[in-house]
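The values are calculated or read from the model by the stated rules, or taken from the named source; none is laboratory data. Since we're looking at a predicted model, the values are computed, not measured. Neighbour counts are summed over all protein chains in view; Cβ atoms, including those assigned to glycine, are modelled from backbone coordinates with ideal geometry.
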């Protein structure tokens, strides 16, 4: 007897594979990107089925939402590319590629089947030492405390991406026009209503990440989304990184994390939190990271969609 | 266990579809899209393995790794797209093939 959950999972997996196929091979790139966003949303459902609500939150906001926005922004900037007919390798090599990739796929499926029967992992280790971490959500504990190094470098990578995207934009100089957006009053009203709500939601996510799904990255993603709709509404905001206050926001997360980790070396090792103060230390680091992540994501979108104003500063911060 | 195999194999399939598309298409935006699918396929495989012990909650360490990975993938995509846009602004084409490019527009 096939159980209902398995039928749902089977249909979900089938939809995912079909969406992937159609998104990758559609003639119209715009349709491909839209299908990619739909794919991302269904992948978030798959994460829920795999008991990972934290990942589902992040996937919807970043994987589906922001990545889709980045693609659409770049597509708008390179408009002539949209109608490409998907030219690729000459015919014979299509077949060779398909054969080789299928071979790889079969090997990987066999490996999957053999690994699926395994056990172990570090779940028990984490659960045993959860109270020392200062938070009750095991995923947040791993991200911020037990594997803090990874997160520190991840924020560093975000910052590097910001520098890279802006350096490219400045290299392009005056030859890149910024996109002129029609002033849509509905969108402007929507932005005025939604921005405070989104900021509140982000603050809530940082706070609640301690004991429920949530945390700094989800909050940062929400703030990034707020930044994107502010930009799309044509609100005159300058996101050039040489504006000092914005530079400060961009580097804030990485700096706070690094400084905290280094100061902790007074009593222990780098990033080794003392159990007595860990809760509020983590909160400070999380808030700084969420702000930074939000700014960096909006700024990346601005760089990809050519929405940075190349001349003159309009002043004003993002929020 | 069959659920784990189902999600794992789905991940593998999506990875392979992305890999093939990465080779086949010349357009840089399509290649970046393919890379994103490959990344999601790998993450799905990891998450399936994180949940493979039946009856107990999933392993939070792969969850943390996947979360980091999603963020890093967004950064990589953003940089790739910025580069592709820059290439298009300089040469008028969105592929790396020289014979497809429009006559070079020197800034």
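Taking into account only those residues within segment A:44-54 that are in a helix (DSSP H, G or I) and free of Cβ contacts under 8 Å to residues at least 60 places away in the same chain, which is farthest from the chain's Cα centre (by Cα)? Steps first, answer last, please.
Narrowing segment A:44-54 to residues in a helix (DSSP H, G or I): A:44-49, A:53-54.
Pick out the ones that are also free of Cβ contacts under 8 Å to residues at least 60 places away in the same chain and you get A:44-49.
Details: A:44: 13, A:45: 17, A:46: 17, A:47: 15, A:48: 17, A:49: 20 Å.
My answer is A:49.
Of all the residues in segment B:51-68, those that are in contact with a helix residue (DSSP H, G or I) (Cβ under 6 Å, 6 or more places away or on another chain) and more than 7 Å from chain A (Cβ to nearest Cβ) number 1. Identify the single condition in (1) assigned to a helix (DSSP H, G or I); (2) facing another protein chain (nearest Cβ under 7 Å); (3) touching a helix residue (DSSP H, G or I) at 6+ places or on another chain (Cβ under 6 Å) that residue B:83 does not satisfy, given that it satisfies every other one. Failed condition: (3). One residue alone among A:144, A:158, A:163, A:168 is farther than 30 Å from residue B:8 by Cβ, in contact (Cβ under 8 Å) with a residue 40 or more places away in the chain and in contact with a helix residue (DSSP H, G or I) (Cβ under 7 Å, 6 or more places away or on another chain), and that residue is A:168. Among the residues of segment A:11-24, those identified as surrounded by fewer than 20 Cβ atoms within 10 Å (Cβ to Cβ) and either more than 7 Å from every other protein chain (Cβ to nearest Cβ) or outside any helix (DSSP H, G or I) (or both) are A:11, A:12, A:14, A:15, A:18, A:22.
The set of residues in segment A:116-136 being in a loop (DSSP other than H, G, I, E, B) and either modelled with pLDDT of 90 or more or surrounded by fewer than 17 Cβ atoms within 10 Å (Cβ to Cβ) (or both) consists of A:117, A:118, A:119, A:120, A:122, A:129, A:136.
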